[in-house]
Each structure stands twice: as structure tokens, then as C-alpha cells.
Amino acid sequence: MELNQKELDPLEAEAPEEDQSTIKAQAEVGPSSARKKVKLALDDVEPGDDTNDYGRYSRVSKELPQGVSSKMLYKDVVRIALPAFIEFILTQATSMADMIMVGRLGPQAIAAVGLTTQPKFLLMTMFMALNVGATALIARAKGAGDRERANLILRQAVLLTAALSLIAAVIGFVYSEALVRFMGADEEQVLADATVYLQIQMAGFVFLALTSTFTAALRGSGNTLIAMIYNLISNGVNVWFNYLLIYGKFGFPRWEVAGASLATVIGQTVAFLLALIVVLCGRFYVHLRLRAGFKPDYKVIKSMVYIGLPAMFEQLLMRVGVIIYVKAVAALGTLAYATHQIGMNIQALSFMNGQAFSVSATSLVGQSLGKKRPDMAQAYARRTRILGMIISIGLGVAFFFYGKPIVAWYSDDPEVIALGANILKLVALTQPLQSSQFILAGALRGAGDTQSVAFITLITVLLIRPGLALLFIHKLGWGLMGAWYALVTDQIVRSALVLLRYNSGKWKSIRV
């Protein structure tokens, strides 16, 4: 099952037809020829400097700069978020299709695949953290009009990602069986399937890591459309090979769980090749120039680590907490864990809303602060949050009233369907809070305020969620629903803490 992650001045051919009137010619700095630029409201705002605070020290301000309307800001938010939203939704639909296809093999197959998720995420923490730093720094470089620095940051990110992901891939491959056994795989068939699945994932791990870095760089410059395109192509490849390799169609071998893993790696490889072509071609703001070399630039690396290190600790702490949580659920048995995996897979669909608008918040907040206009950063974040909230309410209604038919896509077991539907009612109630949390955390990361996000994660995911899960499951005997009560509590507390940090306004003054 595949994990995936346009630019604010895309090529004219890539802009929506109705926006053609807003496009004007602009000579590009670099080797490529003249290109077209889609204007942001931010482009017409006077740059700030250290003598003007522009709302830097105010907690909440709804005033907009002269000549900037709320409609213009909403349009900028949607221009970045919409391609990411489509990409994430269809990517998660691919993941759901994966799970549904694997689900036809039985609960043991679902459990086997689910047990590999956290070890894979754990091994991804290092380069995921670097991607947070790369996105924030590239967004600031673009806001400051420094394309040369943006491309230097890209090269440094590629260098570090390649090295770290290779080390992680070797570790993950060698210790695959130990990792899934640690996650609670005790049935012989589940252990065997999970081990093979994780080993195949590790074989394509470097391609996955580099693709995520290319995508992070493109999104930092505001380019979400091109990332959407190559990821959707790879998703289509993934689903097609799922059909061929899981069930052995059209003369292909029937490899079942192993086939699902290989199909994912094939899709990831396609995404890598397409993303590599994009960053090498020089037609977009970020351009990977191989002739410039990959000599380490320790000043850039230090800046990336300054932002990325708290993000790495955040991810590590999150994984530790989630692993404790997952192990508590796995102890309930294969059927309960399979139901839990179905609930998590469906809940992940709702994450796509928050994540898409989080991309917009990160890019626009980073560019606004790069231009030293914290007032614009706050204005963009507020409108991003409003749009995300509207969609989250719609998703919540669907999950609450249509839980049973949705779960029935995965399994025909009456017990799984009934329990899964109850879980989706809880998922529905958390939607508005969850959306706000994702978006405001993205705004904080765009500002470089990764330390506060990491601290909030420490409190909620490492302490509250697993602690309450162990209490509710083992002490109070609430079973699988107890695990989900713990998850909901985690979401509520985390959302409140992220909102408090954002409202403090301290993120506006962070220097990177």
C-alpha cells in the first residue's frame, strides 16, 4: 500500500482555463526560457522588513493589507490545495482499494499488511523530518525571491535522503521478521506474510524516499499540480498490478500478500522516475542541476536540521506511541485487529482533507514570512482553516450515517461490519477538530515552529493515546472500542494544544 506525499507560478498550459486572464509573461531566472506566472495576492503586497511588525506581535488580526481581498486569499489557498486534495483523496482511494483487494484473502492477510505499517513509518522518520525542513526553507527562499538558494536546498535534501534511506532500507530488510514479530505477529501465516511484505517494501524504499523529497520541494515552492499528476499515475499502476499479482490474472503468478507489496513498489518506482524527470527538466521553480554537484553545504544542512530535528523527534515519539497503541490492539486478536485496520484505513481518507490544506498553509505561511509579512501568513492560515472545516463536516456526516455500507466494502463478516460502523461514528465526531489540527500544524511548520508541534505530539501520541488505550482495553475491558475512545481523546487534546500555540502568535517571529 503506497504512501505518497504545483507551483504558485505554473506554466500557462497547467493553469485552469478560467485563470488565463491572470497570467502574464515573466522571464525566468535560470536556463529555461520565458514562462508564465500565476499571481498571488502576496505578490502585490509590499515586502516587510525588521522595522515593520505587520502584526508580528498581535495574537489575532482580521485586517487585510490595502488592495487585498478575502476572495483573493481564498483563491490562492484553493489553487495550491485543490491539486493536493485530489491527489491525496485518490491516493487514499488507492490504499483503500489495496486493502479491499487484500481483504478478500481473509482477516489474516489484512492483519499481516497492517502489522508492517508502523515499522515502515518508523524507518521513514529521518527523511520525513528532512522533508519538513526542505519544504519550509524552500518556501521562505521563494518568498524572498532567491531561486538559487531554493535549488541548493533541494540538492542538500536529495543528498541526505539518499544516504539515510539506503541505511534504513538495509536495516528494515535484514530485521523484517523481528520487526513484525515485535508488532505482535504471533500466528505463523500472519508472520510469514508480514515478513515478506515488509522485505519487498524495503527493496523499493530509496525510490519512495527520494520521491517524497522531490514532492516536498515542489510543494514548498507551491507546485502541487505536477506532484498530483505523477502520483496519480503511479497509483493507477499500483492498482493494476495489484489485480494482476494478488489474484494471478492474465498469466501473472498469484502471489497474494507478496503481490500486493510488489505492486506498491512498482507504483513507487514509476512515481520516482516521473518526479526525477520533473525536477531535472528545469521548467519549474525547483530544478535539480546534476552538474552543480552534491557537495555538502553545512550551513544549509544546519538550517534543515534546525527545523527538521524537532520534526524527527515528533515522528519518532509518534511512532513509539502508536506502536504501543497498536500492540495493545493486536493483543485483542486477529479479527479485532483486522477491524481496527479497516477503521484506520477509512479514517485515513479523512486525513487527506487536512493534509491537502496543510500543504497550502505550509507553503503560503512560509512564503509570507519569507517576504516578512506575518499578517499575510495569518490571513492565509485563517482562510485555509475555514475551507478545511467545511469539507470535514461533510466527511463527518458521511461516516456517521453510512458506516455500515462503507465497512462492508472491506469485509462481509457481520461482526466486523457492526463494530466498524460504530468506530466510524467516532471518526465522524472528530472531523472538524482533526481538520483544524492538521492545517494549523502545517502553518506552524511553514513558520519553522516545529519544536512546539513535537512537544504537543509528545504529550498526546506518546502519553495520552497509548496510556488510555491500555487503561480502557486491559483495565476497564472495553475492547476495541476502548482503543478508539483513546484515539478520540488524543485528537481532542492535540487539536486544543495546536490551536493555543497558533493563537499565541509566537510562530510569526521565528527565524530560520
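The values are calculated or read from the model by the stated rules, or taken from the named source; none is laboratory data. Note that the structure is a prediction, hence the values are computed from the model and not measured. Every residue, glycine as well, gets a Cβ built from its backbone with ideal geometry; the counts of neighbours run over all protein chains shown.
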Considering only the range 232-256, state which residues are in contact with a Phe, Trp or Tyr (Cβ under 9 Å, 6 or more places away or on another chain), surrounded by 24 or more Cβ atoms within 10 Å (Cβ to Cβ) and closer than 28 Å to residue 161 by Cα. 234
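Is it fair to say residue 75 is charged (D, E, K, R) and either over 29 Å from residue 174 (Cβ atoms) or touching a strand residue (DSSP E or B) at 6+ places or on another chain (Cβ under 8 Å) (or both)?
Values: charged (D, E, K, R): yes; either over 29 Å from residue 174 (Cβ atoms) or touching a strand residue (DSSP E or B) at 6+ places or on another chain (Cβ under 8 Å) (or both): yes.
Judged against the criteria, residue 75 is a match.
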Take the residues in the range 280-303 that are within 21 Å of residue 207 (Cα to Cα) and among the aliphatic types (A, V, I, L, M); name whichever of them is surrounded by the most Cβ atoms within 10 Å (Cβ to Cβ). 286
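Yes or no, residue by residue, for (1) buried (at least 20 other Cβ atoms within 10 Å of the Cβ); (2) more than 18 Å from residue 432 (Cα to Cα); (3) of a type in the set (A, V, I, L, M, F, W, C):
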residue: 320; (1), (2), (3): no, yes, yes
residue: 330; (1), (2), (3): yes, yes, yes
residue: 338; (1), (2), (3): yes, yes, yes
residue: 342; (1), (2), (3): yes, yes, yes
residue: 360; (1), (2), (3): yes, no, no
residue: 367; (1), (2), (3): yes, yes, no
residue: 377; (1), (2), (3): yes, yes, yes
residue: 385; (1), (2), (3): yes, no, no
residue: 390; (1), (2), (3): no, no, yes
Looking only at the range 37-64, filter to residues that are under 12 Å from residue 378 (Cα atoms) and surrounded by fewer than 17 Cβ atoms within 10 Å (Cβ to Cβ); which one of those is modelled with the lowest pLDDT? 60
In this structure, is residue 254 among the charged types (D, E, K, R) and assigned to a helix (DSSP H, G or I)? no
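Looking at 317, 232, can you tell me which residue is under 22 Å from residue 81 (Cα atoms) and of a type in the set (A, V, I, L, M, F, W, C)?
Going through 317, 232 in turn, the sole match is 232.
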Would you pick out the residues in the range 221-251 that are assigned to a helix (DSSP H, G or I) and in contact with a Lys or Arg (Cβ under 7 Å, 6 or more places away or on another chain)? 225, 226, 227, 243, 247
Give the range 263-279 a look and list any residue that's surrounded by fewer than 22 Cβ atoms within 10 Å (Cβ to Cβ) and under 25 Å from residue 194 (Cα atoms), or say none. 265, 266, 269, 270, 272
Flagged pairs (Cβ under 9 angstrom, 6 or more apart or on separate chains; first in the range 490-508, farther than 18 Å from residue 317 by Cβ and modelled with pLDDT under 95; second among the β-branched types (Val, Ile, Thr) and in a helix (DSSP H, G or I)) are 492/430; 507/365
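Matching residues to (1) within 28 Å of residue 461 (Cβ to Cβ); (2) touching a helix residue (DSSP H, G or I) at 6+ places or on another chain (Cβ under 9 Å); (3) among the β-branched types (Val, Ile, Thr):
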{"residue": "270", "(1), (2), (3)": "no, yes, yes"}
{"residue": "273", "(1), (2), (3)": "no, yes, no"}
{"residue": "293", "(1), (2), (3)": "no, yes, no"}
{"residue": "296", "(1), (2), (3)": "no, yes, no"}
{"residue": "315", "(1), (2), (3)": "yes, yes, no"}
{"residue": "318", "(1), (2), (3)": "yes, yes, no"}
{"residue": "322", "(1), (2), (3)": "yes, yes, yes"}
{"residue": "325", "(1), (2), (3)": "yes, yes, no"}
{"residue": "338", "(1), (2), (3)": "yes, yes, no"}
Step by step: first the residues of the range 100-125, then only those that are among the hydrophobic types (A, V, I, L, M, F, W, C) and buried (at least 23 other Cβ atoms within 10 Å of the Cβ), then the one that is farthest from residue 358 (Cα to Cα). Which residue is that? 109
Determine whether the range 301-323 contains at least one residue that is assigned to a helix (DSSP H, G or I), in contact with a Phe, Trp or Tyr (Cβ under 8 Å, 6 or more places away or on another chain) and at pLDDT 85 or above. no
Quick test of your reading of the structure: residue 487 fulfils all but one of (1) within 20 Å of residue 351 (Cβ to Cβ); (2) buried (at least 19 other Cβ atoms within 10 Å of the Cβ); (3) over 20 Å from the mean Cα position of the chain (by Cα); (4) not β-branched (Val, Ile, Thr). Name the failing condition by number. (3)
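Quick check on this structure: which one of 278, 270 is closer than 22 Å to residue 173 by Cβ and either in a helix (DSSP H, G or I) or not small (Gly, Ala, Ser) (or both)?
Exactly one residue qualifies, and that residue is 270.
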